[in-house]
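Undergrad: Let me begin by handing over the structure; questions about it come next.
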Amino acid sequence: MRELVAARDWLTVFQLPAYASELNPVESVWSHLKRSLANLAKRDIAQLTALAKTRLRRMQYRPGLIEGFLAGTRLDLTPLCNPSNRRSLATRRAQRGSPAQGWRVRTAAGIRPP
């Protein structure tokens, strides 16, 4: 691998740890979900599943909470989180005619299908 990298001047490789939970915002989501379910008793797995889905759905509609999970990683996600970047990518995909089922384009009027 080192020979492959050394042979390509244009290639930059960053060594990352095998797993770093503090860099994964999903870990914060699961932690938040587990705390919200901690003191609740359910009769069976179906009730617990329904409650977990409800709690995840509530998180989905709280953008400040999701942004907090992302900010907690302290990673620079500026190019990825720029809404104009997303819109232009969606526009390029639509112009190319690539299949993007379920892809949404955010406009000033809201979210519309392509």
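Undergrad: All other residues with a Cβ under 13 Å from the Cβ of Gln47 taken together, and with Lys, Arg as +1 and Asp, Glu as -1, what is their net charge?
TA: For residues surrounding Gln47, the net value is +3.
Undergrad: Same structure again: Could you line up Ser28, Ser36 from fewest to most neighbouring Cβ atoms inside 10 Å?
TA: Ser36, Ser28
Undergrad: Okay, next question. So how much slack lies between Gln47 and Leu11, counting 0.36 nm per residue of separation and subtracting their Cα-Cα distance, in nm? Numbers along the way, then the final one.
TA: Values: separation 36, 0.36 × 36 = 12.96 nm, distance 5.06 nm.
Gain on stretching Gln47 to Leu11: 7.9 nm.
Undergrad: Of all chymotrypsin sites (Phe, Trp or Tyr not before Pro) in the range 12-78, which ones are in loop regions per DSSP and have a Cβ with at most 12 other Cβ atoms within 10 Å?
TA: Details: sites: Phe14, Tyr19, Trp30, Tyr61, Phe69; in loops: Phe14, Tyr19, Tyr61.
Passing both the DSSP loop test and the Cβ count: Phe14, Tyr19, Tyr61.
Undergrad: Given 0.36 nm per residue, what is the gain on full extension from Arg57 to Glu3 after removing their alpha carbon distance, in nm? Provide the component values of the computation, followed by the final result.
TA: Values: separation 54, 0.36 × 54 = 19.44 nm, distance 4.76 nm.
Taking 0.36 nm per residue and subtracting the Cα distance, the gain is 14.7 nm.
Undergrad: With a sphere of radius 15 Å drawn around the Cβ of Lys34, what net charge do the other residues whose Cβ falls strictly inside it have (Lys, Arg +1; Asp, Glu -1)?
TA: With Lys, Arg at +1 and Asp, Glu at -1, the neighbours total +4.
Undergrad: Let me ask you something else. Counting only the backbone N, which residues of the range 45-65 are under 16 Å from the spot 7 Å out from the Cα of Trp30 toward its beta-carbon?
TA: What the label zone holds, given the 16 Å backbone N cut-off, is 52-53, 56.
Taken together, the values in this text are just the output of simple stated rules run on the coordinates, not laboratory data. From a predicted model like this one, the values you see are computed outputs, not experimental measurements. Here the Cβ is made from the backbone with ideal geometry for all residues, glycine too, and neighbour counts use every protein chain on show.
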